[in-house]
Amino acid sequence: MFIEPDIKGQRRGWIEVICGSMFSGKTEELIRRLKRAKIANLKTEIFKPAIDIRYDEIKIISHDESVIQSTPIDNSQTILLLAQGADVIGIDEAQFFDDELPNVCDELALRGVRVIVAGLDMDFTGKPFGQIPFILAKADYITKLHAICMKCGNIANYSYRKVPNDDKVMLGAKDLYEPRCRQCFNKED
């Protein structure tokens with residue numbers, strides 16, 4: 001998808017959401033889309049929450065080790081300041097951002113920017129996570145990705161937490177979480 005001018009010659013922006021469980025390839029797909037935008041000579045800016053330092057403090061790194069430079073930020077309003085002149089904005093781990101992120105995405109799209117948001121749509125309890133449901137409601141395009149259930153091999157759309165901890169946000173990877181299908185997620189271990 002490329003930014004096309006509308007009838008008046010102004011760019012049309014939109015919001016794309018890439019969502020799903022952990023290990024479904026969300027970040028990998030975000031990186032793929034951003035690299036394609038760069039190949040098309042579009043100016044891109046990529047943001048991630050500053051709290052996400054699992055693989056790197058600055059770079060976005062997918063589980064399959066695809067890498068792209070990003071800007072870590074603490075507040076979604078900062079995106080509006082740092083996105084000046086960008087054609088495409090990428091936002092990773094959107095579930096960890098503040099309540100203003102849906103409005104920031106909307107504002108960018110109204111400015112003619114293509115906004116690509118990636119994040120978990122459900123938390124470890126199977127409930128909607130952070131601002132993703134609100135961004136999904138505003139999205140023009142939605143891609144729901146699935147992982148493979150670690151218990152039975154079916155498609156998985158739940159992130160099962162393997163350790164006892166009730167904190168809503170607990171950053172981790174394969175040591176703390178695994179993808180599960182609906183049936184295996186809801187079975188007692």
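The values are calculated or read from the model by the stated rules, or taken from the named source; none is laboratory data. Predicted, not measured: the structure shown is a model, and the values here were computed from it. Cβ sites come from the backbone with ideal geometry, for glycine too, and all protein chains shown count toward neighbours.
Please indicate, with yes or no, whether at least one residue in region 132-141 is charged (D, E, K, R) and surrounded by fewer than 20 Cβ atoms within 10 Å (Cβ to Cβ).
Yes, some residue in region 132-141 is charged (D, E, K, R) and surrounded by fewer than 20 Cβ atoms within 10 Å (Cβ to Cβ).
Can you confirm whether residue 97 is under 24 Å from residue 50 (Cβ atoms), aromatic (Phe, Trp, Tyr) and surrounded by 14 or more Cβ atoms within 10 Å (Cβ to Cβ)?
Taking the combined requirement at face value, the residue satisfies it.
Would you confirm whether any residue within region 41-63 is of a type in the set (D, E, K, R), modelled with pLDDT of 70 or more, farther than 13 Å from residue 92 by Cα and surrounded by 13 or more Cβ atoms within 10 Å (Cβ to Cβ)?
yes
Could you grab me the full set of residues in region 100-131 that are within 27 Å of residue 160 (Cβ to Cβ) and surrounded by fewer than 19 Cβ atoms within 10 Å (Cβ to Cβ)?
Matches in region 100-131: 123, 125, 126, 127, 128.
Name the residues in region 65-81 that are hydroxyl-bearing (Ser, Thr, Tyr) and not in a helix (DSSP H, G or I), would you?
66, 70, 71, 76
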